[in-house]
There are 2 protein chains.
Amino acid sequence: MRIAVTDDDKLVALSLKTILESSGEMTVDAIGSSGAEAIQIYRSVQPDVMLLDIRMEGMSGLEAGEEILREFPEARLLYLTTFSDDEYIVRALKMGAKGFILKQDFEGIAPAIKAVMNGQSVFGSRIMDRIPQLMQQRQEFDFEAHGISPKEREIMELVAEGLSNKEIAGRLFLGEGTVRNYISVLLEKLSLRDRTQLAVFYYTEVKA
Amino acid sequence: MRIAVTDDDKLVALSLKTILESSGEMTVDAIGSSGAEAIQIYRSVQPDVMLLDIRMEGMSGLEAGEEILREFPEARLLYLTTFSDDEYIVRALKMGAKGFILKQDFEGIAPAIKAVMNGQSVFGSRIMDRIPQLMQQRQEFDFEAHGISPKEREIMELVAEGLSNKEIAGRLFLGEGTVRNYISVLLEKLSLRDRTQLAVFYYTEVKA
DNA sequence: CAAGCAAAGTGACATTTGTCATATGAAAAT
DNA sequence: ATTTTCATATGACAAATGTCACTTTGCTTG
């Protein structure tokens, strides 16, 4: 089995080579340390599996992966992640990466590669735990940026629960007219027309 | 490595035993053919990894898995799926299963087990392809059951887009009053009060 | 054919909603 | 100490909404 490794840290890359080759079942035919190199290596070596660091200087492992998969849709890319790369995981998943494993998990890497070789996808357990959340990841709506005050936000949420102005007023100990004014302002700020659109906005933009 | 296998089809289970033991790296210590057996086996053998068929007579592999994980939260369960088990995959994923592989993929099974052994999660590629969709799978709202006609449903959707009665009327070539009546009926059927609650209902019950 | 049924519509009505101009009191800024 | 700002509030108004009781129209179906 022919493997290629790309990691910012050459020491890591070399350690991987040692570990992987020790089993005698695979050879690390190329080592790179940047996204650009990864692409070149893939083109020339066309390894069975390529290990990629997600974060590297210059072109990230992700961008490199995208390029490689564009040229070689069957490429088997296995990402090495440190942990805090949550945001990237979803992207890579959609992109078609075959998996993620933690760099620290040395013993796990060889079996993972073999599984990938067999057409499977592999995820370190800590990564797996996150996937349910990540998949339905909502990119936090920025109330600040839209000039929405906390109170306005609160009112928006109550509208999005289906409450009437009177009910909202009761809930927040405000006058009904006050609530109307708040909503009026909210609609203006968000360029909406009525409370229903506000609710829709909430479910599609804020909480989606 | 001590493995247990549970499969409705004894022949499959025996073939697996042969395949897995041929590498010399693992032993299949127990074979079962029902959910109930799976639980008993797990209790007595406590294998490193347990292979489970999803569909079995009587208690399904899923239910058995749930029970096992209740008793042994660290259990490593690897499901064998045939394909069309889409619905179950999500459930098993949330439950904490370590993976799914296609029964047909004989060569892939041993490496998958090793990866699981190392704390990773493994998914056959065809399963992986589905996961993005599966994750955000909505359990289909049953309009029929609530006595919602196709037209009513259509109107509900337009309300949920934030359209006014007039706009809906225009869009569907109906009179505005007609639309009002439709909505009135819809609210009655669903025990809601106004269009905003209808939109909320849509996002929380129908499309959620 | 006639009765019946469902889809679409009308009109009247009460309520709710959204807008706007303006007012009040308290806190913050000058 | 005054001005400004902010949150809250009011009242008046038009428009949109929801309800209800009735048509109208065009099939089905007995």
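The values are calculated or read from the model by the stated rules, or taken from the named source; none is laboratory data. If you're wondering where the values come from, they're calculated on a predicted model, not measured in any experiment. Neighbour counts run over all protein chains shown; Cβ positions are idealised from the backbone, glycine included.
With the requirement that a residue be facing chain B (nearest Cβ under 8 Å) and more than 8 Å from DNA strand C (Cβ to nearest atom), what does region A:187-200 give you?
Correct list: A:192, A:199, A:200.
Let me confirm something: among B:71, B:140, B:107, which residue is within 30 Å of residue B:12 (Cα to Cα), surrounded by fewer than 16 Cβ atoms within 10 Å (Cβ to Cβ) and within 24 Å of the chain's Cα centre (by Cα)?
Numbers: B:140 fails: within 30 Å of residue B:12 (Cα to Cα); B:107 fails: within 24 Å of the chain's Cα centre (by Cα).
Among B:71, B:140, B:107, only B:71 is within 30 Å of residue B:12 (Cα to Cα), surrounded by fewer than 16 Cβ atoms within 10 Å (Cβ to Cβ) and within 24 Å of the chain's Cα centre (by Cα).
Output the helices (runs of 4 or more DSSP H) that fall wholly within region B:137-208 and possess 2 or more residues being near DNA strand D (Cβ under 8 Å from one of its atoms), or say none.
Details: elements: B:150-159, B:165-172, B:176-190, B:195-201.
Correct list: B:165-172, B:176-190, B:195-201.
Does residue B:147 count as at pLDDT below 90, within 12 Å of DNA strand C (Cβ to nearest atom), surrounded by fewer than 18 Cβ atoms within 10 Å (Cβ to Cβ) and away from chain A (no Cβ under 12 Å)? Outline the logic, then answer.
Values: at pLDDT below 90: yes; within 12 Å of DNA strand C (Cβ to nearest atom): yes; surrounded by fewer than 18 Cβ atoms within 10 Å (Cβ to Cβ): yes; away from chain A (no Cβ under 12 Å): yes.
The answer is yes for residue B:147.
Using the structure shown, decide if residue A:52 is closer than 19 Å to residue A:121 by Cβ, in the same structural domain as residue A:76 (by TED's automatic domain parsing) and free of Cβ contacts under 8 Å to residues at least 40 places away in the same chain.
Against the criterion (closer than 19 Å to residue A:121 by Cβ, in the same structural domain as residue A:76 (by TED's automatic domain parsing) and free of Cβ contacts under 8 Å to residues at least 40 places away in the same chain), residue A:52 does not qualify.
Quick check, is residue A:122 crowded, with 24+ Cβ neighbours inside 10 Å, in contact (Cβ under 8 Å) with a residue 40 or more places away in the chain and not in a helix (DSSP H, G or I)?
yes
Please count how many residues of region B:154-186 are surrounded by fewer than 17 Cβ atoms within 10 Å (Cβ to Cβ) and either within 11 Å of another protein chain (Cβ to nearest Cβ) or more than 10 Å from DNA strand C (Cβ to nearest atom) (or both).
The number of residues fulfilling the criteria is 6.
Go through region A:159-182 and count every residue that is touching a Lys or Arg at 6+ places or on another chain (Cβ under 6 Å) and hydrophobic (A, V, I, L, M, F, W, C).
Final tally of qualifying residues: 1.
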